[in-house]
Structure formats: structure tokens, C-alpha cells
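To keep things clear, I will list the structure first and then write my remarks on it.
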Amino acid sequence: MASHKGRRGAGGGKGRGEGPGDWMLRYVPGLGSVRIGVDANRESPRVPPGKAAKERPPKEKSKAARKPSRAKSGVKGMVLRADASARSVPMLSALADGRKTSRQAPPPRARKRSGGMRFIRGLFYWVLVLGLWGAIGVGGLLFYYAMSLPDTSGLYDVAHTPSLSIVAANGEALSHRGDLLGGRVALSDLPSYVPEAVIATEDQRFYWHFGVDPIGLARALYENFRAGTVVQGGSTITQQLAKNVFLKPDRTIHRKIREMLLAIWLEARYSKEQILTLYLNRVYFGGGAYGIEGASERYFKKAARNLTLSEAAMLAGLLKAPSHYSPTNDIDLARRRASIVLGNMVNAGYITPEMAREANARPATLEGYSSSGSINYFVDWIADALPGFAGEPNTDLVVRTTIDPAMQRVAEEVVAKALAEIGAKVGATQAALVAMTPDGAVRAMVGGRSYAQSQFNRAVQAQRQPGSAFKPVVYLAAMEHGLTPETMRIDRPVRYGNWAPSNYSGRFDGPMSLRRALAESVNTVAVQVAQEVGVRNVIRAAHRLGVQATLPANLSLALGTCDVNLLELTGVYAAFANGGYGVIPHGIDEVHSRDGEELYRRSGSGLGRVMSDEVLGEMNYMLRGVMIDGTGRKAALSDRPTAGKTGTSQDFRDAWFVGYTADLVVGVWVGNDNRAPMKKVTGGSLPATIWHDFMVRTQTGLPVADIPGTYPPSEGVAQAEEPQQAPAGDQGDLDPNRRRDWEEPGFFERLFGASSANEPPSALAPGHPNDNR
């Protein structure tokens, strides 16, 4: 109950009605404010206090007023008594009867305040209850994951950077990478800008968070939501260390939660310097190099303590995507990434803008490797692919590959000899070779003329136009749609829009079978066949055979205007050699830890059946004709059946030969890194010579097996037949967009409408020499 101290009446008179009174104001629930005391209920005129004495005439005090008051207002502690007859308090009987007076209900503001407080108290209660149950649920979930965490006692057991030993199929050692100098590098032994480059790039709030960065996670979630896919990870250095040391590389929510718990545990147990030291000695830098010391030796042939600022920036830039940014793949891309790292260091205050400009002016360069043999092209390919098969374990690895050391040495010698004796004469400076079994196991790989001079792998990384080496895909689609090797077409001038393909010979030979057209690499017939069966069906056949690149949906595709690499194209021909099954070119058979634990073993059968037996027989019959009386005669072997196809791109920039026996598939590319034209080098010249020499040295004396598939040619001479096309008067202007009955539109065509992108690239405009053979 609230009370208010007595106050004087406002009037200045001395009488009972106007004299000062002694009263007290109390708030009674249900009644409101009540004045209690002498003259409490007598109203006084509302006169300003300062004017009361002047405006009111003095009156004679009554006897009662002249008597001294027993209780005066303003006297602290005095008990005030009210005149019972003058009180305005309702009778108790009225309260008992439930009768209301004008002072019973609280004012509206009090009622609103009371209702609002009840809502706030209820809301607080339920929030507290839900929060409590939520905390119990989260605690139980964390307890469940904490019980499943791996053993963390072996964090320091490995005193060296995990090494990588790559061995051949027969167990012969090919390469050893990893702990090249031995021992673990201490943070104090490194230049300060080495860890600073890593922190500025990977975890700028490393010294502020507790193992998990909520700001970074929120930013990553926002960016991933905007992009509609995973574009940022939000993992801290501590989380990456936990993943690399204790967990497998699977991308699941379960692993992510365990990673966060381990990161918090690491932060609670170890200092920031210890965590950063462990990270730098365990993280993968690409190219088979684990740890900063191994990466420094791998890329710059020096100890980590001697790294320059530009070299440190390049290594820190690799951590985002080691294989993608690897300087052995693309040194320019690695340098651009290092420039971004230097900018991050400037923004973080680790270096000055002048230091960054000086480092960019003197970028890092590759200074060599532990071995300069061409086998390192293959080793690089294996090392870059390894994390996808076995993760990044904290132990030494032994990788058993598919390589045949003897065959590898022959490949290196044949390529080197051909370039040395013929290359300079014809303007060819580079070559590449891939040999694989019909199931896709790579037996030999040469990625260039000299690994010591250039680590760019032209067998895997170079994307070049295959020319007529792509034509077997076109004829495969034709065989699948009812044409046969004996089907007749006319070699004649044709025009599609503004494009008129021509032959290398400059002449047109009239009616010929499809077998002869492929053997002699006749361009006009190949384009007619592609238009007849549909470019989209050609693209589907290529993808079914293992081509992964996006192919142009125009008729120039029949002449190989797409970009592929040698490994991929050789895998396409493997399907013809193995009985019609698509393959995935591979080089890893098994991965074991140094203690013998199996981490990976290859299994599976590739892409499955990609052509019927009938089509297989027809295709091998035609491709054998290339070696008998076609453009591949120079590559043919005298002691066993062979098949294959030549290819030459525009202006003699690329020359190919891909051929096979029943036991081996080999692809050869010859050209220049700057795409400079060669001196009329075709697929049937220098590449065919390299292929022939390699096959003679590796296959002579082995049991002879026939190429799979049979085809009985029809008796008699087939007559020239016209494909379904426009009338004779319009044969030079066939509609390239005309779809055959069997060619169905793709998803995006149905969604957005037919595409008119059948114009060939400018390189195939009239006046340019077209691919021939």
C-alpha cells in the first residue's frame, strides 16, 4: 500500500472549512487513493500557494482551531488521526455486499501496466523453460559426439612430416616425397612472414577465437546461401588441423561436428604457437608435399627457414586448393594467388605495401626437384590425385601404381629421340605419350620433352583440338543409327550457312563407303554424317566413352574442334580395344600406410558397356582399315593386328595418333606450347612414327591376340546412296538445324528453345586449311 506524507491545504484561512488540515494519502487496492486524517475530506479551493494569503480574507479561528493540535503535519513520527464522521472511505458493509464505488477500480494506466507485466513474466518463463530443454538437448548431443571422438594421445607421436613413396606395379621405387630433410620444423626457426602469410590467408582471427570462428561460420553460411552451393568453408586453422590429424576427409555433418569439438579441445590444451606449429608440419601443399619443409624442398629446393616472402606467399596460397593452384600445373595462376596472399598480409598489417610490391616484382620461381626424370610427370599426376583416394593421413604412405618401369623408359627414349632427330626440322618442340592397358591402367606417361625444364604435363593438363582423331566418335554414332561401313556417301562440296568444309587433298572423290571415308579422313563425308545422325547424338556418344569436356553443339565438332587432353582421348579408344566397355584412366592400384594398413584398393569396372557387339565389330573393321590402306599406314605393325586414327588440327598446330592392339592402347601428341604451327606435321607423320617405334620395342615377342569384334563385309560393290537430305538443287545448302527422327532435344533445349549455334568457329572459316588425316 502506497502512502504519501501529509500536505497542507491550499487555502490560507483559519476556519474549519478553509484552514490548513493534517491528512495522509494512501493507495488502497480496489479503492484507489484515499486521504486519511483531520479535515481529510474537506475540500479546499485551488488557489496558487503564493496568492492564498492575499486573496482570502482572514477569519476568526474557532475554538477547536485555537486549541493546540495533538498531531501536526510535518512532525516526523507523529500519529495522525482522522475524523470518522468526515472520512470518505466506504462502509465495510458496502464492501461486504460487493457494492462498488467510484474509487474501487484502478486507473486505466495501472491496469495496462499490470497486464503487460503478466505477459512479460509469462514470456520470460517459457523462454527460460525452452532454453533449459534446448541446453539439455545440445548437451546430450555434444556428449554423444564427444564419446565418439578419436584417440588424441598420438598428436605428437609422428616426429616427422608424413612421407610419400610411389612404387611401380612390380614394386620398383619411382619416387619418394614428403620428409625430404627430416625432422619437424619449429615455428621459431621460420621467418616471421611464413606463419603470417598462412594466418592472413586461412584464419585472420586465429589469435582471437577459441577454435571455432562464429563470425567466419556466419559469413560462410551467408555466402553459400547466396551462391546456392558451397563456396566457402569457414574452418579455422585449428579445425583444419583436427581434420588432417584425426579425421577422414568425408564431407558430412557428423565429421564437421567432431571437427569443431576437436578444435575446441586442441585450443584448451595447446597454445596458439603449438597449434600453428602442428598445422604447418602436417598440412598438404600439393604435389605430394606434406608440411612446410617438404613443400619448400618440393617446389623451391631449399629449407623452409630460407624461404623468401614471395615463396612464402605462394605456399600459403596453395592451401585453399593445392592441386588447382599448384605451380607445377600453372605457374602464372600460382603467382596470381600469391599476389592475393600478399594483399591479405598488407590488410592484416603484417607487411607494408612497399614490401608487397617488391615481392610481386620478384615472384617465386620453381627451382627444380629431387628428380628430373620424365617419370615425375606421372608421379605428379598420382600425388595430386592421392588425397581424393586416401585423404591426408598423418602417417607415411606407400602408393602402388600401374606404371611399368621398362615401358616407361622406352617411352621416354622414343619421345626424346624423335624430337631430337626430327622435331627441329619440322618445328615441333614438344611431345607427349600415354600408354594404357585396355582397362585404363596407365603403363607409361611422358608429359613433355624435359621435366627439369618444364613440369607442365602435356599428357594430362594440356587441352588441345584432336582434329580427325575425334572422327571415330562421329562414326560410332552413325553405326548406332543404322549406317554400316559399306554405306555409301558422296565426297563433294557442301555448305552449311557460311561454312564450306574442304579436304586436305583439295579434291573431291565422289561416291565412297564410310570405311574409306574414315580411312582417308575425308572431311566432307564426316560432316555430312554428323549432320545426318545429329550433333547431339555425337556429343552423347563422346560423353558415354569418357569425354568430360563441354563439347560445341555445331557441325564443326565432326572435325575435332573441341578441346581434350591426351589421357582422355586415349581412354576413348580403349573402349574399342576391350570389347566395348568405357574406362576411367587410372594410375593408382593400392594405398597402404607404412605399417601395412590398407587405405585404398581399386575396385570396379569403369563406365560399363558403351556399345553393342555389332557396332564394336563395325568400328574395329573401319579403324583397322586406317592402318591397312589409310592415313595410319606408317604406324602399322607387321606381326599383329592394329587399329587407330590420325588427327591434325588447324594450321598444323597439333598432330595426333591414337592406336591400339588387343593388349595396349597408346596415344601420341606432337606440337608446341605456344601453339605455333609446325611444318606440315600431320598425325600420320611424326606421331605415327613415335607410336610405331614404341610399339615395336614393347610388343615384339609377346603373344598375338586379335582385336575384339567381327564384321562380315557385304558381298559385291555397294551402290552410292543418298542420305536423307534436301532435293538435288538445294544440296549445297542443307539446313544444319534439321533434326532427325531419332534425335530428341535435350533438357535445356526443351526449356529454353532450340539453339542455332551451328556456326563453326572462326578458325574454320573459308580460306583456312581444314583438318585432314
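The values are calculated or read from the model by the stated rules, or taken from the named source; none is laboratory data. Just so it is clear, the model here is predicted, and its values are computed rather than measured. Neighbour counts are summed over all protein chains in view; Cβ atoms, including those assigned to glycine, are modelled from backbone coordinates with ideal geometry. Keep in mind that these areas ignore ligands, DNA and RNA; they rest on the heavy atoms of the full protein, side chains included. Shrake-Rupley method; radii C 1.70, N 1.55, O 1.52, S 1.80 Å.
Looking only at residues of region 256-285 that are within 18 Å of residue 326 (Cα to Cα) and in a helix (DSSP H, G or I), we find that the one that is most open to solvent (accessible area, probe 1.4 Å) is 282.
Only one of the numbered conditions (1) open to solvent by 10 Å² or more (accessible area, probe 1.4 Å); (2) among the hydrophobic types (A, V, I, L, M, F, W, C); (3) not in a loop (DSSP other than H, G, I, E, B) is not met by residue 314, and that is (1). No other residue among 541, 575 is touching an Asp or Glu at 6+ places or on another chain (Cβ under 9 Å), assigned to a helix (DSSP H, G or I), among the aliphatic types (A, V, I, L, M) and touching a residue at least 24 places away in the same chain (Cβ under 8 Å) apart from 541.
Set side by side, the residues 523, 554, 578 differ, and just one is under 30 Å from the mean Cα position of the chain (by Cα) and either among the basic types (Lys, Arg) or at pLDDT 90 or above (or both), which is 554.
Just one of the listed residues (466, 493) is in contact with a Gly (Cβ under 9 Å, 6 or more places away or on another chain) and crowded, with 18+ Cβ neighbours inside 10 Å, and it is 466.
Taken over region 597-611, the criterion of being in contact with an Asp or Glu (Cβ under 8 Å, 6 or more places away or on another chain), open to solvent by less than 80 Å² (accessible area, probe 1.4 Å) and not hydrophobic (A, V, I, L, M, F, W, C) is satisfied by 600, 602, 606.
Taking residues in region 351-363 that are at pLDDT below 95, and partners anywhere that are open to solvent by 70 Å² or more (accessible area, probe 1.4 Å), the pairs with Cβ atoms closer than 8 Å and at least 6 places apart or on different chains are 363/335. I need the full set of residues from region 507-524 which are more than 17 Å from residue 497 (Cα to Cα) and either open to solvent by 10 Å² or more (accessible area, probe 1.4 Å) or of a type in the set (Val, Ile, Thr) (or both), in order please. Once the filter is applied, which keeps residues that are more than 17 Å from residue 497 (Cα to Cα) and either open to solvent by 10 Å² or more (accessible area, probe 1.4 Å) or of a type in the set (Val, Ile, Thr) (or both), region 507-524 yields 507, 508, 509, 510, 511, 513, 515, 516, 520, 522. If you go through region 399-428 and keep only what is part of a helix (DSSP H, G or I), under 14 Å from residue 664 (Cβ atoms) and either in contact with a Ser or Thr (Cβ under 6 Å, 6 or more places away or on another chain) or open to solvent by 50 Å² or more (accessible area, probe 1.4 Å) (or both), you end up with 406, 407, 410. Restricting attention to region 443-461, the residues that are of a type in the set (A, V, I, L, M, F, W, C) and open to solvent by less than 10 Å² (accessible area, probe 1.4 Å) total 4. Going through (1) in a loop (DSSP other than H, G, I, E, B); (2) at pLDDT 75 or above; (3) closer than 18 Å to residue 253 by Cα one by one, residue 209 falls short only on (3). All of 431, 383 fail the test of being in contact with a helix residue (DSSP H, G or I) (Cβ under 8 Å, 6 or more places away or on another chain) and either at pLDDT below 95 or open to solvent by less than 20 Å² (accessible area, probe 1.4 Å) (or both), apart from 431.
Residues of region 294-324 that are within 19 Å of residue 379 (Cβ to Cβ) and touching a helix residue (DSSP H, G or I) at 6+ places or on another chain (Cβ under 6 Å): 295, 296, 300, 323. Can you name the residue in region 324-375 that is of a type in the set (S, T, N, Q) and more than 23 Å from the chain's Cα centre (by Cα) and, of all such residues, is least open to solvent (accessible area, probe 1.4 Å)? Here the answer is 374. Give region 625-648 a look and list any residue that's crowded, with 24+ Cβ neighbours inside 10 Å and either in contact with an Asp or Glu (Cβ under 8 Å, 6 or more places away or on another chain) or of a type outside the set (A, V, I, L, M) (or both), or say none. Hits for region 625-648 are 630, 631, 632, 642, 644, 645, 646, 647, 648. Yes or no: residue 656 closer than 19 Å to residue 410 by Cβ and under 39 Å from the mean Cα position of the chain (by Cα)? So residue 656 fails the test. Scanning region 440-492 for residues being under 28 Å from residue 328 (Cα atoms) and assigned to a loop (DSSP other than H, G, I, E, B) gives a total of 20. Of the residues making up region 286-297, those that are in contact (Cβ under 8 Å) with a residue 24 or more places away in the chain and either in contact with an Asp or Glu (Cβ under 6 Å, 6 or more places away or on another chain) or open to solvent by less than 10 Å² (accessible area, probe 1.4 Å) (or both) are 286, 287, 288, 289, 290, 291, 292, 294. Residues that are farther than 22 Å from residue 488 by Cα and either touching a strand residue (DSSP E or B) at 6+ places or on another chain (Cβ under 7 Å) or among the hydroxyl-bearing types (Ser, Thr, Tyr) (or both) within region 516-551 comprise 544, 545, 546, 547, 549, 550, listed in sequence order. Listed by first and then second residue, the pairs linking a residue in region 181-206 that is closer than 11 Å to residue 280 by Cα to a residue that is modelled with pLDDT under 90 and among the acidic types (Asp, Glu), with Cβ atoms under 6 Å apart and 6 or more places separating them unless they lie on different chains, are 185/293; 187/273. Among residues of region 497-511 that are in contact (Cβ under 8 Å) with a residue 12 or more places away in the chain and in a loop (DSSP other than H, G, I, E, B), those with a Cβ under 9 angstrom from a residue that is open to solvent by 50 Å² or more (accessible area, probe 1.4 Å) and aromatic (Phe, Trp, Tyr), sequence gap 6+ or separate chain, pair up as 502/508. Quick check, is residue 288 modelled with pLDDT under 80 and either within 25 Å of residue 367 (Cβ to Cβ) or in a helix (DSSP H, G or I) (or both)? For residue 288, the condition - modelled with pLDDT under 80 and either within 25 Å of residue 367 (Cβ to Cβ) or in a helix (DSSP H, G or I) (or both) - is met. Of the candidates 409, 305, the single residue that is within 27 Å of residue 236 (Cα to Cα) and either without any contact (Cβ under 8 Å) to a residue 12 or more places away in the chain or of a type in the set (Lys, Arg) (or both) is 305.
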